[in-house]
Amino acid sequence: MSTSTAAPALRKTALNAVHRQLGAKMVDFGGWDMPVEYSGLIAEHMAVRTGVGLFDVSHMGDIQLRGPESLDAIQHICMNDAAKLQVGQAQYSAMLYPQGTFVDDVIVHKFSDNDYLIVINAGTREKDFGWAKGNAQKFHCHVSDYSDYYTQLAIQGPKAAETLQKLTNVDLSTIKFYWFKWGTVCGLPNTLIARTGYTGEDGFEIYIPSDETTSKRVWDEVLEAGKEFGIIPCGLGARNTLRLEAALSLYGHEISETINVFEAGLDRFCKVEKGPFIGSEALQRVIAEGGPTRKLVGLEVIERGIARDGYCVFNEGGTQIGEVVSGSPAPFLKKNIALAFVPRDHAALDSEVFVQIRNTMVRAKVVPIPFYRRPKKQS
């Protein structure tokens, strides 16, 4: 008699059948059956950098906090200062453990003084919701998991606004970066339209009902609207290379339960001065002790070779000093790049280090991050 138990079934977004019909290569991502690429990673990456691409990001989680003390709860569990948010504004932030390391990075949206939406990562959804709910208990607010109610589409690239404008009654030029509005999209009223994204480009994320019929219709209409700009469906592979060129953090890589805010270089989003929050005491101790002993840096591989996640970084003397946490070819920049943690005294720009790629020591140098910044012009 067998005692083995079947692996839990992968979760599927409402667009799963669409991805399969399009011939997408599917992978297990954080317990979700997700497309990693359709026509090819490089083509998808370049479409977003030069035109527009469409992503299904419905696997992301959505936590709503409602009630008279919602802001107090968010101030307690998140490191940024949500008191500065206006209605219709979004903010990059993070939930931290008491030791100042990451539960997850999040985006906080202010719907009203008593109503906030926190967008969280897919692979940490249950943990994040449990953390938020458990630590908000002492406040007069209700914490709800609305993750399964939305299909979330990301329309990203310099032609994103022109594409989406065909489908909505909202003047998208009135939405600033990291702001949002409600409007009609593809005939769906009360659709949340946020000018956010994870690609380093201009773009929008729209939240629509998660039923399969509606999701497929909107997906198809976005592809049709962007046809003149060369829009293509894009998978998680391109999403990763795009965010790496822009040096945006990914949980389990640049941020985790063992990495603190200062090491990750995200202190500009951490408002220790706003008052106590989970993790603030530990971070104040880091400041008092002179800052972190290691730092996240950008590496450009000078010699032939690709620095992959987990590869070891060495100094000129052959001593291991750090580790690559994200690395790949950069399709738009046409370079091999990586993000790595190294000691502070090896973090100066133009410092030379070596990455062990298989059995070879390959030269790399510390370069400014982000590797890529989008042109300033915005519609």
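No value in this document is a laboratory result; all are computed from the given coordinates. All of these numbers come straight from a predicted model, not from anything done at the bench. Backbone-built Cβ (ideal geometry, glycine too); neighbour counts: all protein chains shown.
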Task: Calculated FRET value between LYS181 and ILE302, using beta carbons and R₀ = 51 Å, to 0.05 - done: 0.65
Task: Reciprocal of mean inverse Cα separation for region 1-132 (Kirkwood radius, Å) - done: 17.3 Å
- [ ] Determine the distance separating the Cα centre of region 321-373 from the Cα centre of region 224-242; give it in Å without decimals.
- [x] 27 Å
Open item on the list: Roughly how far apart, in whole Å, are the Cα centres of region 27-53 and region 151-188?
Closed with: 20 Å
Open item on the list: If I take R0 = 30 Å and measure r between the Cβ atoms of LEU349 and ALA83 in this structure, what FRET efficiency does the formula 1/(1 + (r/R0)^6) give, to the nearest 0.05?
Closed with: 0.25
- [ ] Quick one: net charge around PHE111, please, counting Lys, Arg +1 and Asp, Glu -1 for every other residue with C-beta under 14 Å from its C-beta.
- [x] 0
TODO: Give, in nm to one decimal, the length gained when the segment between ASP148 and ARG285 is fully stretched (0.36 nm per residue of separation minus the Cα-Cα distance).
DONE: 45.4 nm
TODO: For the pairs LYS138/LYS274; LYS12/LYS110; LYS133/LYS271; LYS84/LYS176; LYS110/LYS133; LYS25/LYS159, note any where the Cα-Cα span goes beyond 24 Å.
DONE: LYS12/LYS110; LYS25/LYS159
TODO: Describe numerically, in nm with one decimal, the distance between label points set 7 Å from Cα along Cα→Cβ at GLU69 and at LYS227.
DONE: 5.5 nm
TODO: Take each of the peptides 132-144, 58-70, average the number of other beta-carbon atoms within 10 Å over its residues, and list them starting from the highest.
DONE: 58-70, 132-144
Open item on the list: Run the reach check for LYS334 against aspartates and glutamates, Cα to Cα strictly under 14 Å, same-chain hits fewer than 8 apart removed. What comes back?
Closed with: GLU245, GLU300, GLU303
Task: Set of region 64-79 residues, backbone N closer than 15 Å to the point 7 Å along the Cα-Cβ line of ASP113 - done: 67-72
- [ ] Hey, can you grab everything whose amide H is under 5 Å from the amide H of ASP309? Only 5+ residues off in sequence or another chain; H modelled, so Pro and N-termini drop out.
- [x] GLY327
Open item on the list: Check which residues have an amide H placed less than 5 Å from LYS271's amide H, if you skip close sequence neighbours.
Closed with: ASN80, ASP81
Task: region 293-367 - Debye-derived log10 I(q)/I(0), Cα point model, q = 0.27 Å⁻¹ - done: -1.34
- [ ] Using only the Cα atoms, work out Rg/Rh for the chain, with Rh taken as the Kirkwood radius, to two decimals.
- [x] 0.97
Open item on the list: Run the helix sum for the chain: -39,500 (n - 2.57) per DSSP H stretch of 4+ residues, divided by residue count, reported at 222 nm to the nearest 500 deg cm²/dmol.
Closed with: -5500 deg cm²/dmol
